[in-house]
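Since every read-out is calculated from the coordinates, none of them should be taken as a lab result. Since the structure is predicted, the reported quantities are computational estimates derived from the model, not experimental observations. Using ideal geometry, Cβ is built from the backbone for each residue, glycine included, and neighbour counts are taken over all protein chains shown.
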There are 2 protein chains.
Amino acid sequence: MTSPPHPPPLDEFGLIARYLAPLAVHPGADGLRDDVAVLALADLAGDLVVNTDAVVAGVHFLTHEQPAAIAERALRVNLSDLAAKGAKPLGYQLTLALNPAQDEAWIAEFAGGLRSNQDAFGWSLLGGDTVRTPGPLTISVTAFGTLSGKGCLRRGGAQVDDDVWVSGWIGDGALGLALAQGIGPALDPVQAAAAESKFRLPLPRVTLGIALAEAGIATASADVSDGLIADLGHIASASRLGMEIDAALVPLSDAGRAAVAQDGEWLDRLLSGGDDYEVVFTAPASARPDIVAIGLRTNTPVHRIGAMTASADGVRVRYPDGSLRCLSRTGYRHF
Amino acid sequence: MTSPPHPPPLDEFGLIARYLAPLAVHPGADGLRDDVAVLALADLAGDLVVNTDAVVAGVHFLTHEQPAAIAERALRVNLSDLAAKGAKPLGYQLTLALNPAQDEAWIAEFAGGLRSNQDAFGWSLLGGDTVRTPGPLTISVTAFGTLSGKGCLRRGGAQVDDDVWVSGWIGDGALGLALAQGIGPALDPVQAAAAESKFRLPLPRVTLGIALAEAGIATASADVSDGLIADLGHIASASRLGMEIDAALVPLSDAGRAAVAQDGEWLDRLLSGGDDYEVVFTAPASARPDIVAIGLRTNTPVHRIGAMTASADGVRVRYPDGSLRCLSRTGYRHF
């Protein structure tokens, strides 16, 4: 009857009970004591928005990232989709396909990242599944949000002559990834760190999206995940219109501006790179004062970068040299 | 201006548009034209049950399975959870992490499997995400069902002296897997094929679950995915009670009975093996006539195999030789 020198590793049920069940504070999650979550209609504040985004280690994030940062990012890329639709975060289903490298200590840190995200965005774990894989760590999140006000901001409602707006700064996703991989331009260390941090920990524009939906002034909206030009293209094609944007109006961070100053080719990379997780939306010119006010109230930079056009020929970009180029396919990625 | 001899491979958007969008017939899916699905409260027949189950090639299914069968099985294991909760299938979010081996032809066949499942169970694709992985094919499904009648059948409501019931036949999941791997017992080919088919294509007990929930007579319910003994253990522990079942009353298929006749050790393997996707539930003795009637009406075999006990000491099994063994931990798996 001697005790083993180390406690045996926890099995799936033990890991879930210790690290994930405390995160499942929504009544419908029932503390993960059942296989399912129940969302009672009487408790829902509005129609339900459902989004799924999956990430694979080495494909969508760098394999050496800290577990807490991986958790934060997996949730934030989903929150970004909810934000672009004007939905208030409610909860999420989490699928973890864990590689043997993800031991109990890893899971503890990962759960810490989930916890800090939940505290920041006011939502919680509803349920999910945890499996083992011989392949890379894979995380799939299905996120739920509730709509209020005028309903869901879809991609396809833009009208001719509507303004095109974007939140925050564009290009730090692509620039930050290049810097994190050691293949970026030589930048001031503070600027470089800011861009890398924006790539690692995108800032979903949840309060902006909710405010736009409640005000009912955005005609179309999408988040910038595939790249600014590609996601603008989704709005243009769903609205059966074209779009012309002015490259000089696209907001770049200090790091982005420094990169372009060093090498002009960076401009297209910033405009077409992915992972910015900003919101692009359209609205009539009459809404400009309201949009500026919403930006101030939600503490979110908003910039007007162009307008919708009648010709359904994709996204045209006007460059500082006066040239106009059609980039309708830029940014499309093969997965 | 010569045409290439073969069309270029479709990118993510092309594959989704061609093979998945036609499956997204629910109005809230908007034909997958947006990143999100919207479930309008006014359209929901009752509270929403949400379940996620993920499968990994080589871990949860054999790598050489046909694409359509992989699709069917990934959906059916989720439908089984909805069934055990008494929920009517509504729709599902699908995450596909595709290996390079999954080419366009594979995806076309996979989509065919989704289609036949949708036709059989009356639900449809709502949305999801498709990514590439260097690891094994991984599929995560988040399934939605709606509750009617008396609400969700939870795990934790069993009462002392309640009967314990099980649908269908137990053990064909484990036996079918062994046979598919070529390590099963030597059986009559017809019996062996039936067990293997049950492993490949489990039959979720959707109509039984809905009927039990509508009648409001089951006090607790779960599906048999981890193994009969383990899933009975979940009901017992969630209900803070014990359970005694009679091994001789557990329904076995012809193949299962033949396996046990050849080698008595198969009995424990059938009782504790996983992947049966039957429903186990508890109900007071007064409900016996109603349960038998529901079984007949839904064309689902139902068998009474034991009863709940006051002592919270797991699941005891009475064997044909009269011995009583406590198997409360049997069937727990390390993922």
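Points to keep in mind about this one:
- Our note on the geometry: Cα centres of segment A:63-116 and segment A:130-180, 15 Å apart.
- Counting every other Cβ atom within 10 Å of each residue's Cβ, A:144, A:61 order from fewest to most as A:61, A:144.
- The alpha carbon convex hull volume per residue for chain B rounds to 145 Å³.
- Neighbouring partner chain Cβ atoms per residue of B:88-97, average, 10 Å criterion: 4
- The mean count of C-beta atoms from other chains within 10 Å of the C-beta of residues in B:53-63, rounded to a whole number, is 4.
- For the segment A:43-50, counting C-beta atoms of other chains within 10 Å of every residue's C-beta and taking the mean gives 6.
- Cα convex hull volume per residue for the protein assembly as shown (Å³): 172 Å³
- Note: relative contact order over segment B:12-146, using C-alpha pairs below 8 Å and six or more positions apart, is 40 percent.
- Phi-based couplings in Hz for segment A:61-72 (Karplus 6.51, -1.76, 1.60; Gly and Pro marked x): 8, 6, 5, 8, 4, 5, x, 5, 5, 4, 4, 4
- Amide H to amide H distances under 5 Å link residue A:129 with A:94, A:95, A:96, where only residues 5 or more positions off or on other chains count and H is placed in the peptide plane.
- Within chain B, percent of DSSP bridges classed antiparallel, to nearest 5: 75 percent
- Listed values for segment A:80-85 are Karplus-derived 3J(HN,Hα) couplings in whole Hz (6.51 cos²θ - 1.76 cosθ + 1.60, θ = phi - 60°), namely 4, 5, 4, 4, 5, 9, and x replaces Gly and Pro.
- Each Lys and Arg contributes +1 and each Asp and Glu -1, all at the Cβ; summed about the Cα centre of chain B, the dipole is approximately 500 debye.
- Orientation-averaged projected area, Cα convex hull of segment B:189-297 (nm²): 7.6 nm²
- Protection proxy ranking, highest mean first, for peptides B:75-85, A:125-135, B:181-191: B:75-85, A:125-135, B:181-191, where packing is the per-residue count of other beta-carbon atoms within 10 Å, averaged.
- For the residue pairs B:85/B:150; A:150/B:88; B:88/B:150, alpha carbon separations beyond 22 Å are given by A:150/B:88.
- For segment B:109-211, a simple Cβ point-charge model (Lys and Arg +1, Asp and Glu -1, everything else neutral) yields a dipole of about 320 debye relative to the Cα centre.
- Distance between modelled label sites at residue B:288 and residue A:160, nm, 7 Å Cα→Cβ extension: 7.7 nm
- Order of A:19, A:92, B:277, A:319 under a 10 Å beta carbon neighbour criterion, fewest first: A:319, A:19, B:277, A:92
- Inter-copy label distances for residue A:149: 4.2 nm (label point placed 7 Å from Cα along Cα→Cβ; shortest first).
- Estimated vicinal HN-Hα couplings, Hz - segment B:227-240 in sequence order (Karplus 6.51, -1.76, 1.60; Gly, Pro = x): x, 3, 5, 5, 6, 4, x, 5, 5, 4, 6, 5, 8, 6
- Taking the Cα centre of segment A:163-326 as origin and assigning +1 to Lys and Arg Cβ atoms and -1 to Asp and Glu Cβ atoms, the resulting dipole is close to 300 debye.
- Among beta bridges that DSSP assigns inside the protein assembly as shown, antiparallel share in %, nearest 5: 75 percent
- When the Cα positions of B:272, B:302, B:193 are compared along the charge dipole of segment B:163-326, B:302 comes out farthest toward the positive end, with charges on each C-beta of Lys, Arg, Asp and Glu.
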